[in-house]
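The values are calculated or read from the model by the stated rules, or taken from the named source; none is laboratory data. The structure presented is a predicted model; accordingly, all values stated were derived computationally and were not measured. Cβ sites come from the backbone with ideal geometry, for glycine too, and all protein chains shown count toward neighbours. Ligands, DNA and RNA are excluded from the accessible area calculation, which covers all protein heavy atoms including side chains. Shrake-Rupley method; radii C 1.70, N 1.55, O 1.52, S 1.80 Å.
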Amino acid sequence: MMLNHILPRLESYLASEGLAHPTGWPRAIAPEMPMTLQQAYAALLGVWDGDRRAQESFLEFLEMPHPPREQAGAILDLPDPELTVALLAEDSAQNQVALLWLEVWRRSLMFPHLPDGLRVLRLESQVARWAAPYYRRLGIYSLHNREPEGLFYLKRAQAIAPCPRHELALEFGYVTLGLREPNPAPYYVPFDLPLAVEPDYASVVTSVLLAEGDWFEAELDLWRWFLQPGMTAIDVGANVGIYTISAAQRVGSRGRVLAIEPFSHSAALLIATCARHGLDWVTVYRAAAGDRPDQVKLGLFTASETNAILAEVGDQAYEEVSCLPLDQIIATMGIEEVSALKIDAEGQELAVLVGARQLLERCQPLIVYEYQSGKHGQNDSAGALLQELGYGLYAYNRHRRSLEAIATTPPTGILNVVAIHTAQYENVAFRFSTA
């Protein structure tokens, strides 16, 4: 693969993403770059999607002969400034390529915070020994996976690059291990707007946002792109507000966002975020959404993202909450038009859709719903109902920025499904192709 073939592809990708080139950072690739480095760039920018191929490619790279003092290639600005800085710090092409391949592998995983992601981070931290971001991520995800040595990695990150983010990461580490009591006031982590979170790495949201600076789900990119000023969006199963806050920024004060969250603590954190940023066009509605009015028991688990309605309580801690059809909720609030709907209800997605039938038939919103519901299995029944209502099902490919039709069952590795009504598809596809 010659440089003059790959450079236009890289430039096209950067332009399509609207990526800025910070002043003073390298803008061009050196005239002579090792082929493996070119291939690693291409892979990182989206040629491959599956972790198996990424892992196999890295193993192939390890088997290749590499001159020990091969000159490093100049670095084109990448979407991730931290990765760019880490690559600039390496003095050999071999290390640059290794980091890029490993980053391809890590980003191809569905869940960066689980043990497979830790495997890659441990390798990355051995290649980039003085790059603080790898130690920050390794420390946070180690603690998320109940490995107390994560505190050591966080201390190393702070020693290499002292900053408020690493200081906060360390404080959360102490709280997670029970070595400190959390402050009574909310803690905020970087996001579209600073987001109030639990100061505990048991939380997936806390772990991922502090480690990465953004949420890992590809569909959030589509959600951000689709929403426009003045639209109305509904976030069912909002937790502390990843999709809610992203929607609020994009619909603006002329729009409206309804966040439905049954867990009292998560709802309180989301309310705190909205108050801090003056988002008075966001309404946080504390309830569960379902197919009929009811009082239900919400099981409370270590990670609040996995809280779920219980059929049987047993010894499980729970909160009793109201459960209402979405049609009833929006009628009470006077909401008539809805442009986008996100559903993450831990196995209750079908019930939410049944209770929103009038909304779906009247408004035909774009829908993002959880397909892989952890211990609750796959949501094939939710997709079947949507198809009955005239929706097409799609997988969103973040790297190709494309919607790929799902005929029956979503392919392996799909966490969320995007549903677009057939009457709306041409309009959505046209906007998407010209964005």
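Against the condition modelled with pLDDT under 95, of a type in the set (D, E, K, R) and in contact with a Leu (Cβ under 7 Å, 6 or more places away or on another chain), how does residue 217 come out, does it pass? It is true that residue 217 is modelled with pLDDT under 95, of a type in the set (D, E, K, R) and in contact with a Leu (Cβ under 7 Å, 6 or more places away or on another chain).
Among the listed residues 224, 180, which satisfies the condition of being of a type in the set (Lys, Arg) and open to solvent by 50 Å² or more (accessible area, probe 1.4 Å)?
So the residue among 224, 180 that is of a type in the set (Lys, Arg) and open to solvent by 50 Å² or more (accessible area, probe 1.4 Å) is 180.
Of the residues 403, 389, the single one that is open to solvent by less than 70 Å² (accessible area, probe 1.4 Å) and modelled with pLDDT of 95 or more is 389. If you check 395, 356 for being of a type outside the set (D, E, K, R) and modelled with pLDDT of 95 or more, only one passes: 356.
Within the range 145-159, track down each residue that is under 25 Å from residue 116 (Cα atoms), open to solvent by 30 Å² or more (accessible area, probe 1.4 Å) and not hydroxyl-bearing (Ser, Thr, Tyr). Hits for the range 145-159 are 145, 146, 147, 148, 149, 152, 155, 156, 158. There is at least one residue in the range 166-185 that is touching a residue at least 24 places away in the same chain (Cβ under 8 Å) and among the charged types (D, E, K, R).
Okay, residues lined up against (1) aliphatic (A, V, I, L, M); (2) touching a Ser or Thr at 6+ places or on another chain (Cβ under 9 Å):
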| site | (1), (2) |
| --- | --- |
| 265 | no, yes |
| 277 | no, no |
| 280 | no, yes |
| 283 | no, no |
| 286 | no, yes |
| 291 | no, no |
| 300 | yes, no |
| 309 | yes, no |
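Out of all the residues in the range 315-328, is one or more open to solvent by less than 20 Å² (accessible area, probe 1.4 Å), in contact with a Phe, Trp or Tyr (Cβ under 6 Å, 6 or more places away or on another chain) and at pLDDT 95 or above?
The answer is no; no qualifying residue exists.
All of 196, 98, 211 fail the test of being at pLDDT below 95, crowded, with 18+ Cβ neighbours inside 10 Å and either assigned to a helix (DSSP H, G or I) or not basic (Lys, Arg) (or both), apart from 98.
Across the range 105-117, the number of residues qualifying as outside any loop (DSSP other than H, G, I, E, B) and surrounded by 20 or more Cβ atoms within 10 Å (Cβ to Cβ) comes to 4.
The set of residues from the range 227-242 being in a strand (DSSP E or B), over 16 Å from the mean Cα position of the chain (by Cα) and crowded, with 24+ Cβ neighbours inside 10 Å comprises 233, 234, 236.
Here's the yes/no breakdown for (1) basic (Lys, Arg); (2) surrounded by fewer than 22 Cβ atoms within 10 Å (Cβ to Cβ); (3) in a helix (DSSP H, G or I):
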site: 216; (1), (2), (3): no, yes, no
site: 246; (1), (2), (3): no, no, yes
site: 250; (1), (2), (3): yes, yes, yes
site: 254; (1), (2), (3): yes, yes, no
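Is it the case that some residue within the range 121-130 is on the phi < 0 side of the Ramachandran plot, in contact (Cβ under 8 Å) with a residue 40 or more places away in the chain and open to solvent by 10 Å² or more (accessible area, probe 1.4 Å)? Yes: the range 121-130 contains one or more residues that are on the phi < 0 side of the Ramachandran plot, in contact (Cβ under 8 Å) with a residue 40 or more places away in the chain and open to solvent by 10 Å² or more (accessible area, probe 1.4 Å). Within the range 359-386, restricting attention to residues that are hydroxyl-bearing (Ser, Thr, Tyr) and more than 23 Å from residue 225 (Cα to Cα), the residue that is surrounded by the fewest Cβ atoms within 10 Å (Cβ to Cβ) is 381. Assess whether residue 356 counts as being open to solvent by 10 Å² or more (accessible area, probe 1.4 Å), of a type in the set (Gly, Ala, Ser) and more than 21 Å from residue 109 (Cβ to Cβ). For residue 356, the condition - open to solvent by 10 Å² or more (accessible area, probe 1.4 Å), of a type in the set (Gly, Ala, Ser) and more than 21 Å from residue 109 (Cβ to Cβ) - is not met.
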